[in-house]
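This report refers to the structure that appears directly beneath it.
The values are calculated or read from the model by the stated rules, or taken from the named source; none is laboratory data. Note that this is a predicted model, so its numbers are computed, not measured. Every residue, glycine as well, gets a Cβ built from its backbone with ideal geometry; the counts of neighbours run over all protein chains shown.
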Amino acid sequence: MDSNLRMLLAIVLTFLVFFVYQVFFGRPPEISKKQQVEQTQEETVVQDKNVQPLFETTATTKKPEARLAIKGRTITVSTPFYTASFTEEGATLTDFKLNKYRETIQPDSPMKLLISAQSPEERSLAIGFVNHKIQGLDDAVFHADTERSAIDASYKQKTLSFSWESSQGYRIIKTYTFYPDSYLFDLEIKVSNPFPRALKDNLTLAVIYRQVNTSESRYIFSGPSILVDNKLKELSEKDISKKDLYSGRIDWFALGDRYFITAVMPEEEKKDSSVQIKQGAEQLLKAVHIDPTGTIPPQTERSYRYHIYIGPKSLDILSSIDKKLSKAIDFGWFDILAKPLLHVLNFLYGYIHNYGIVIIILTILIKGAFWPLSNKSYKSMSDMKKLQPKMTELRQKYKGDKQTMNKELMNLYKAYNINPLGGCLPMLLQIPVFFAFYKMLYQSIELRHAPFFGWINDLAAPDRLFNFGFSIPFMDPPYGIPVLTVIMGASMFLQQKMSPPPGDPAQAKIMMAMPIVFTFIFINFPAGLVLYWLVNNILSIAQQYYVIKKTA
């Protein structure tokens, strides 16, 4: 069997696995009672760089008058990259909108909204304590350090601080720092303990993500991921149902989808940190970081610092922030090949500002690199095709004696100096590159809303000529003519006709159906992927035709 067809069959099986893959609907258990007991045990009071003596204790100072307002104000922060809204209720993040990405391909489409809290449970960056030693924090209304309702951080760094004091006398300050040139912003949390006894409890910081069920979730990971002890963990529904708490050195934890991500990076890497994943109602996922420092010494203040990234899953952007954060973009087994291909894709785009043309050029470069191996493969296939009459004669002559038939076939190969695997082995070396290119194109945010030409105005979406306005079986909306996909299927059929037919009639029927099967599979795939596969097929047909003519 032609090795290209073997590869296609392998992809079909892979896609079948993706279709049945479901993610993140388990309901994880709460933090175990055992952990809570361990966290409340007596701990040795240790001073570290984040623990600072207070100049005066609020226990001996007159407490400020209680605020009458129940509902806190909302402050909006804008940079060239995003617009974010924070509320005094918990000093939390309620909305986060990207200023460089739109919801759809339409020019008048609203900007991409990554976070939109419709209720207090959906707000991100809320803090708490495992054992609730500071009373009232869950319903706390903080006080912002500005009377303005909007902060512009478009030209220089700006900060926004929220403060709150509990009825017991504990004081908490949350300070956000925003930068004009980055999706990254910082969060510092200061907790003051004015009492002569230690506060034994563990700080928690939570981020929220609402899952959206789309057809793309069948192929691409979406949900919670953690880099713990320098190992990436992408958690499926099954993973969460078995284990909801992950401990070790937490470099970052994140919630995201195919193109965007919300990631939290503790500034100080502590080997005993934990992250708990919780499943809420209405497709809500909650990731909670548990700081291992369980004691705030008497009459001191402790600081907890985090870097927050909310933005696109761009390899270049994430790598510029932190090399470890770039691991959030994972291409699976083919990661070692896919990421260099993505760098080349972006490099070429710097000179040719059309990702469709860049995909064509990159496909040609890859095909050129494997040209010698492909030549050997096609030459072997051409030789095999010449022997088809003799092979058919032997199969008919010894059809009742399989052992003798195989022996005679091997003698035939030996007589004509043909390796029956010669057409397969060279192509096998190319399969990892093909799969890496496929994974890279499918997950790259660079292709999102990227036009090619004509009716193909989004390389990350299926190609559709016209919009019929009615549903079509096996097709995801919008409903139209998948021109590029049909041409791709025709190229597969032509390539198959040029290859030597299988000796087994049943196998031959399966091979005849493969172009049709793949046309239906690719009908909902992004146009960028279909373009790559089509160009690769055209180049293979041209090379195969050249070899056949040369060896005729």
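The set of residues in the stretch 73-96 that are in a loop (DSSP other than H, G, I, E, B) and not hydroxyl-bearing (Ser, Thr, Tyr) comprises ARG73, PRO80, PHE81, GLU88, GLY90, ALA91. Would you check if VAL535 is among the β-branched types (Val, Ile, Thr) and surrounded by 18 or more Cβ atoms within 10 Å (Cβ to Cβ)? When the stated conditions are applied, VAL535 passes them. Among residues of the stretch 156-181 that are outside any strand (DSSP E or B), those with a beta-carbon under 6 Å from a residue that is crowded, with 17+ Cβ neighbours inside 10 Å at least six positions away or on a different chain give the pairs SER166/ILE134; GLY169/THR58; GLY169/PRO194; TYR170/ILE134; PRO180/THR79; PRO180/ALA153. Among the residues of the stretch 229-247, those that are surrounded by fewer than 22 Cβ atoms within 10 Å (Cβ to Cβ) and within 15 Å of LYS327 (Cβ to Cβ) comprise ASP229, ASN230, LYS231, LEU232, LYS233, GLU234.
The set of residues from the stretch 182-209 being in contact with a Lys or Arg (Cβ under 9 Å, 6 or more places away or on another chain), charged (D, E, K, R) and either in a strand (DSSP E or B) or surrounded by fewer than 18 Cβ atoms within 10 Å (Cβ to Cβ) (or both) comprises ASP186, GLU188, LYS190, LYS200. Taking the condition over 30 Å from ARG258 (Cβ atoms) and loosely packed, with under 13 Cβ neighbours inside 10 Å, does SER116 pass? No, not satisfied. Just one of (1) crowded, with 21+ Cβ neighbours inside 10 Å; (2) under 22 Å from ILE321 (Cα atoms) fails for TYR170. It is (2). LEU125 satisfies every condition listed in (1) at positive phi; (2) at pLDDT below 95 except (2). Restricting the search to strands (runs of 3 or more DSSP E) fully inside the stretch 242-345 and requiring at least 1 residues that are under 14 Å from the mean Cα position of the chain (by Cα) and over 28 Å from VAL191 (Cα atoms) gives 250-256, 260-266, 300-312. Scanning the stretch 311-357 for residues that are of a type in the set (Lys, Arg) and surrounded by 16 or more Cβ atoms within 10 Å (Cβ to Cβ) gives LYS313, LYS324, LYS327, LYS339. Scanning the stretch 85-111 for residues that are within 24 Å of PRO478 (Cα to Cα) and small (Gly, Ala, Ser) yields one hit, SER109. GLU408 falls short on exactly one of the conditions (1) in contact (Cβ under 8 Å) with a residue 40 or more places away in the chain; (2) more than 25 Å from TYR259 (Cα to Cα), and that condition is (1). Only residues that are touching a Leu at 6+ places or on another chain (Cβ under 9 Å) and among the hydrophobic types (A, V, I, L, M, F, W, C): list them for the stretch 277-291, please. ILE277, LEU285, ALA287, VAL288, ILE290 - these are the residues of the stretch 277-291 that are touching a Leu at 6+ places or on another chain (Cβ under 9 Å) and among the hydrophobic types (A, V, I, L, M, F, W, C). Go through the residues of the stretch 132-140 one by one and say whether even a single one is within 33 Å of the chain's Cα centre (by Cα), modelled with pLDDT of 95 or more and closer than 30 Å to ASN193 by Cβ. Within the stretch 132-140, not a single residue is within 33 Å of the chain's Cα centre (by Cα), modelled with pLDDT of 95 or more and closer than 30 Å to ASN193 by Cβ.
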